[in-house]
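Read the structure below first, then the notes.
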Amino acid sequence: MRARFVMSEVGIGLRRNLTMTFAVIVTVATSLSLLGFGLLSNSQVGVMKDYWYDKIEVSIYLCGDLSEAPSCSAGKITIPQKDQIEQDLKAIPVVQNVFYESQADAFKRFQERFKDSAIAQNVTPDQLPESFRVKLKDPTQFAVIESAFSGRPGVDVVQDQRAILEKFFRLLNVLRNGALFIGLISVLTAALLISNTIRIAAFNRRRETGVMKLVGASSFSIQLPFLLESIFSAIFGWAVALGLLSGFKVLIDQRVAPLLTFTRFFGWDAVWIASLQLLAVGLFVAALASLITLRRFVKV
Amino acid sequence: MIKFENVSKTYPNQERPALEGVNLEVAKGEFVFLVGLSGSGKSTFLRLVLKEENPTSGKIFVAGKDLSKLSGWKVPELRRQVGTVFQDFRLLPNKTVFENVAFTLHVLGYSQKEINREVPEVLELVGLEGYGDRRPSQLSGGEQQRVAIARAFVSHPAILIADEPTGNLDPTMSVGIMKLLDRINRTGTTVVMATHDSGIVDQMRKRVIELEGGLVVRDQVRGVYGYSG
Ligand SMILES: Nc1ncnc2c1ncn2[C@@H]1O[C@H](COP(=O)(O)OP(=O)(O)O)[C@@H](O)[C@H]1O
Ligand SMILES: [Mg+2]
């Protein structure tokens, strides 16, 4: 068979089954959009992790006059102790940089943060602890710092901001997994619809396929128009999904990002990568559902 | 061209065989009538030739090929050498006469140029010059059957099989169809036609193979329908 003849048969098939074609396109579009939403959630979690983990630090609070920890029983930390801690910190390979915050610095930062609040007026510098703020090359290596400095004389407490974030990300992961799961389920639904559509199309066109068999068409050439029809529908559906996801991205950039300034959002590269993945999923599912159905219902 | 060696066919879940111990040979260029009552096994015979069904036992050769050794993906090749015509025409209602005939050639991969040459030629042969743009619904039964014959013959198969091609037609139309099949036979095409139209068989004086309950009860050169004993 020549390509032009196959294409004209495909065109006839798509038009004759217009409502089913439409149903397949809409289903593929919605299911790929949902799956794409899951993929973008995944990217978003990644972006947020990068953003936050890049900012978080391990804080080593030092003993002051008010500290009550056992390691502070000797009172305020001494200058040699402080120097030793700084030296030791800088010798640890995972440590990227160390920043010392004095009580005066802490006070300044505190005043800034709570400048509209009454608390700021009631705090004096000697009430705030001095600390080392440690930035790690790999934020998951917190245990190294903890085991080296926790309980050491002169150290009040070692605090990892990551522990707080981790709870937040566990929640985000659940949401992302939910989105991916719903996306996959609806892709499966689309596969079933494609399979049923082909069954109906094969039944509607049993005359044509019967004649094709009689005049000696190969199985492949009898099945090809059906296969191409579902692949074209899938590509159409994918294009619609791509439009929806792009719209979603624009909406986030214009309406959501200006309001939620505490994080960054996934970029267009995530949208393009997701759309390529969706195209692959769409083509694979359409082809697989078609071939399995065709093997059963359209054979020589 | 067609050879049956001790062929029997019993359909699944059937007790009686549809064909039993059939031995016969049809030579290249022959015209053969397959006669017998309804249910005697004529269609089964033709389906076996097309490998739409496989025999329960025995061997079948078509165009020099042993069908039992023909793998599934080579069946289309066999069917390209065998044109088929049925009682119910099996035309595509949404296509014109020209497109119906061209369908075969499209499937076989002919170019548009070849199609534009071959289709009018065969339409002329079947007496439907100028009917190319009509739809099957605008044709009489006899004309529709001519289109079906044109479609079966346009690729010049070695064998033409017709299963009761005049079954839905009145006698005058049937005569026309028989003349057409005769003309096709004269081009060297082997024709096997199943029928229970006695008038036609008597008139044509061709080889007659009679089936009865799946058995060949008569194989007669220049036979008539009503012969017995
Ligand atoms: N697909 C089938 N399944 C079961 N039995 C069949 C099938 N086709 C035909 N038969 C049986 O085989 C016998 C021969 O049928 P057939 O070849 O169609 O006869 P004819 O064409 O001479 O009328 C009949 O008894 C019929 O009922
Ligand atoms: Mg029959």
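The values are calculated or read from the model by the stated rules, or taken from the named source; none is laboratory data. In this text the structure is predicted, and so the values were computed from the model without any measurement. Virtual Cβ from ideal backbone geometry, glycine too; neighbours counted across all protein chains shown. SASA here: full protein model, heavy atoms, side chains in, ligands and nucleic acids out. Shrake-Rupley method; radii C 1.70, N 1.55, O 1.52, S 1.80 Å.
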*When you go through (1) away from chain A (no Cβ under 12 Å); (2) not in a loop (DSSP other than H, G, I, E, B) one by one for B:Lys113, which number turns out not to apply?*
(1)
*asked:* For the stretch A:258-270, check the following and say yes or no: at least one residue is polar (S, T, N, Q) and more than 14 Å from chain B (Cβ to nearest Cβ).
replied: yes
*Pick from the stretch B:17-67, criterion touching a helix residue (DSSP H, G or I) at 6+ places or on another chain (Cβ under 7 Å) and among the basic types (Lys, Arg), ranking: nearest to ligand 2 (Cβ to nearest atom)*: B:Lys51
*Just checking, which of B:Gly39, B:Gly64, B:Gly21 is over 25 Å from A:Lys299 (Cβ atoms), surrounded by fewer than 13 Cβ atoms within 10 Å (Cβ to Cβ) and not β-branched (Val, Ile, Thr)?*
B:Gly64
*Take the residues of the stretch B:78-95 that are of a type in the set (S, T, N, Q) and at the interface with chain A (Cβ under 9 Å from one of its Cβ atoms): which is least open to solvent (accessible area, probe 1.4 Å)?*
B:Thr84
*Name the residues in the stretch A:157-176 that are in contact with a strand residue (DSSP E or B) (Cβ under 6 Å, 6 or more places away or on another chain) and open to solvent by 50 Å² or more (accessible area, probe 1.4 Å), would you?*
A:Val157, A:Gln159
*B:Leu211 outside any loop (DSSP other than H, G, I, E, B), away from ligand 1 (no atom under 16 Å from the Cβ) and open to solvent by less than 10 Å² (accessible area, probe 1.4 Å)*: no
*With the checklist (1) at the interface with another protein chain (Cβ under 10 Å from one of its Cβ atoms); (2) aromatic (Phe, Trp, Tyr); (3) not in a loop (DSSP other than H, G, I, E, B) in hand, flag the one item B:Phe98 doesn't pass.*
(1)
_Residue selected from the stretch B:35-67 under the condition away from chain A (no Cβ under 14 Å) and in a strand (DSSP E or B), by the criterion farthest from ligand 1 (Cβ to nearest atom)_ = B:Asp66
*Test B:Ser111 against the criterion of being among the small types (Gly, Ala, Ser) and farther than 30 Å from B:Phe4 by Cα, and give yes or no.*
yes
*Restricting to the stretch B:77-93, what's the tally of residues that are under 16 Å from the mean Cα position of the chain (by Cα) and part of a helix (DSSP H, G or I)?*
3
*Got at least one residue in the stretch A:61-82 being open to solvent by less than 60 Å² (accessible area, probe 1.4 Å), out of contact with any Pro (no Cβ under 9 Å at 6 or more places or on another chain) and β-branched (Val, Ile, Thr)?*
no
*asked:* It is to be established whether one or more residues within the stretch B:10-32 are within 13 Å of ligand 1 (Cβ to nearest atom), within 15 Å of B:Val85 (Cα to Cα) and more than 14 Å from every other protein chain (Cβ to nearest Cβ).
replied: no
*Need at least 2 residues that are among the acidic types (Asp, Glu) and touching a helix residue (DSSP H, G or I) at 6+ places or on another chain (Cβ under 8 Å) per element, so show me which strands (runs of 3 or more DSSP E) inside the stretch A:82-191 make the cut, counting only ones lying wholly within it.*
A:155-160
*Checking B:Pro157 against (1) within 16 Å of ligand 1 (Cβ to nearest atom); (2) modelled with pLDDT of 95 or more, which test does it fail?*
(1)
*Scan of the stretch B:156-197 for residues that are among the polar types (S, T, N, Q), open to solvent by less than 50 Å² (accessible area, probe 1.4 Å) and either within 16 Å of ligand 2 (Cβ to nearest atom) or not in a loop (DSSP other than H, G, I, E, B) (or both), ordered by number*: B:Thr166, B:Ser174, B:Asn185, B:Thr190, B:Thr195
*Please enumerate the residues belonging to the stretch A:198-231 that are within 11 Å of chain B (Cβ to nearest Cβ) and either charged (D, E, K, R) or outside any helix (DSSP H, G or I) (or both).*
A:Arg205, A:Arg206, A:Arg207, A:Glu208, A:Lys213, A:Val215, A:Gly216, A:Ala217, A:Ser218
